[in-house]
Amino acid sequence: MARRSSKTEPERKADDAYHHGQLRTALLQAALETIAARGVDAVKMNELARRTGVSVAAPFRHFPNRQALLVALAEDAAQRVQARMEAAAHAHEDPTEAHRARGVAYVRFAVEEPAYFAVLSRAEVIAASPVLQRMSAMNIEAMDVILGRRRGGEATPTLVRRTSGALAAQALTFGLARMIVEGLLGDITPEQAERLAYEVTGVLGEGL
């Protein structure tokens with residue numbers, strides 16, 4: 001006797017509709033919308049299945065667990081912000097101004113794409129992704145070339161591997177982005193955020 005499927009008819013139709021890999025994209029989009037509305041912690045696999053109209057088992061064909069989905073989303077975010085930063089940097093011949101443009105682009109990305117910024121700011125997600133770790137190391141190396149290789153102290157093994165200039169640049173741009181995204185500086189448009197970032201990142205060329 002043939003075993004009956006536990007899926008409902010709408011679930012079977014939805015699963016069939018996503019047969020050619022579209023479900024993965026739909027799940028990531030649903031996760032992004034969830035983060036924008038309620039934060040990273042609100043992302044649940046069963047809710048994503050409900051939002052996309054598929055069976056509860058369907059998401060696991062693309063992501064073995066929730067962490068894997070968040071890593072994929074963060075890697076997508078990293079590629080997007082990296083592309084913006086590189087495009088901004090290529091508009092400048094002076095290395096310091098190019099680096100400044102990268103920082104400004106990063107802040108604007110965070111303001112325009114707060115959900116991507118939120119998942120990209122999770123330490124446990126970055127730690128689970130060799131891709132993100134490699135990208136971070138490459139960005140730090142690029143900053144070292146411009147800002148110098150002076151070491152910043154012996155506070156922790158992680159900080160020992162970073163120079164004072166790179167750490168200062170990261171702290172400045174990430175901190176400013178976070179302050180704007182979380183509303184600590186009031187209601188700021190992306191254009192205002194860009195101008196503010198340009199003003200603030202000016203200190204990177206002074207005394208580092």
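Values computed for the structure shown
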{"item": "Filtered residue count, region 1-59, keeping only those that are closer than 30 Å to Glu124 by Cα, among the acidic types (Asp, Glu) and either open to solvent by 50 Å² or more (accessible area, probe 1.4 Å) or modelled with pLDDT under 90 (or both)", "result": "2"}
{"item": "Residues of region 50-94 that turn out to be in contact (Cβ under 8 Å) with a residue 24 or more places away in the chain, of a type in the set (D, E, K, R) and more than 20 Å from Val111 (Cα to Cα), as a count", "result": "1"}
{"item": "Hits in region 70-113 (condition: open to solvent by 50 Å² or more (accessible area, probe 1.4 Å) and either among the hydrophobic types (A, V, I, L, M, F, W, C) or assigned to a loop (DSSP other than H, G, I, E, B) (or both))", "result": "Ala83, Ala87, His90, Ala91, His92, Glu93, Asp94, Glu113"}
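The values are calculated or read from the model by the stated rules, or taken from the named source; none is laboratory data. None of the values given here were measured: they were computed from a predicted structure. Neighbour counts are summed over all protein chains in view; Cβ atoms, including those assigned to glycine, are modelled from backbone coordinates with ideal geometry. Keep in mind that these areas ignore ligands, DNA and RNA; they rest on the heavy atoms of the full protein, side chains included. Shrake-Rupley method; radii C 1.70, N 1.55, O 1.52, S 1.80 Å.
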